[in-house]
Amino acid sequence: MRRGKMLIVEDELIARENLDHVLKKEGYDTVAVESGVLAFKELEKQEFDLVMTDLKMQQVDGLQVLERTKELSPDTEVIMITGFATVSTAVEAMQKGAYQYLPKPYKIDEVRILVAKAMEKRSLRQEV
């Protein structure tokens with residue numbers, strides 16, 4: 001059963017592979033990339049139900065990925081992940097339309113629940 005299509009944008013290899021593995025096991029169709037530049041290319045090619053993006057990355061950061069996602073697909077949910085959590089970046093991410101702001105280190109069970117809720121919100125919005 002297809003549970004939704006997701007883009008994972010994470011420059012740390014182990015973190016990216018772990019998220020990709022866990023979410024695939026949950027039944028999500030995932031695409032995992034290591035940079036914001038590659039995320040832009042994927043966003044241009046296809047629509048995603050959810051984007052999970054790291055905040056701090058070279059060249060194109062997570063806030064830019066968030067903005068581009070919302071430009072191309074306003075209903076796509078975006079979860080920001082960061083090891084550098086601050087109140088100001090959290091507020092900025094939420095103002096730009098992020099669904100949630102998840103500080104590292106996070107628990108995988110937290111991610112599963114958060115992803116399921118974001119997908120449910122997207123699904124309900126599409127029904128309406």
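A dipole drawn for the chain from +1 and -1 charges on Cβ atoms has a positive end, and of Thr89, Gly36, Ala116 the residue lying farthest that way is Ala116. Rounded to the nearest 0.05, what FRET efficiency is calculated for Leu13 and Arg112 with R0 set to 25 Å and r the Cβ-Cβ distance? With R0 = 25 Å, the Cβ-Cβ based efficiency is 0.75. The calculated FRET efficiency for Lys104 paired with Glu44, based on their beta-carbon distance and R0 = 22 Å, is about 0.20.
Report relative contact order for the chain in percent, whole number only (criteria: Cα-Cα under 8 Å, sequence separation at least 6).
21 percent
Taking a point 7 Å out from the Cα of Lys24 in the direction of its Cβ, the residues of the range 93-128 whose backbone N falls within less than 18 Å of it are 112. Here the Gaussian network model covers the chain, with springs between Cα atoms less than 10 Å apart; of Val87, Val111, Val22, Val87 fluctuates the most. Length gained on full extension, Leu124 to Thr86: 10.6 nm, using 0.36 nm per residue less the C-alpha separation. Diffusion coefficient of the chain by Stokes-Einstein, Kirkwood radius over Cα pairs, 4 °C, 1.567 mPa s: 91 µm²/s. The residues of the chain present an accessible area of 54 Å² per residue when probed at 1.4 Å with all protein chains retained. Between Gly62, Gly97, Gly27, the Gaussian network model of the chain with springs among Cα atoms under 10 angstrom shows the greatest mean-square fluctuation at Gly27. On full extension, the segment bounded by Leu72 and Lys96 gains 7.3 nm, given 0.36 nm per residue less the C-alpha separation.
When the accessible area of the range 54-128 is computed with all protein chains present and a 1.4 Å probe, what percentage of it is carbon and sulfur?
Carbon and sulfur together cover 53 percent of it.
Only lysine pairs 8 or more places apart, or on different chains, with alpha-carbon atoms under 18 angstrom apart are counted in the chain, and they number 19.
The values are calculated or read from the model by the stated rules, or taken from the named source; none is laboratory data. Computed from a predicted model, the values in this text were never measured in an experiment. Note: ideal-geometry Cβ built from the backbone for every residue, glycine included; neighbour counts use all protein chains shown. Accessible surface is based on the protein model in full, side chains and every heavy atom, while ligands, DNA and RNA are left aside. Shrake-Rupley method; radii C 1.70, N 1.55, O 1.52, S 1.80 Å.
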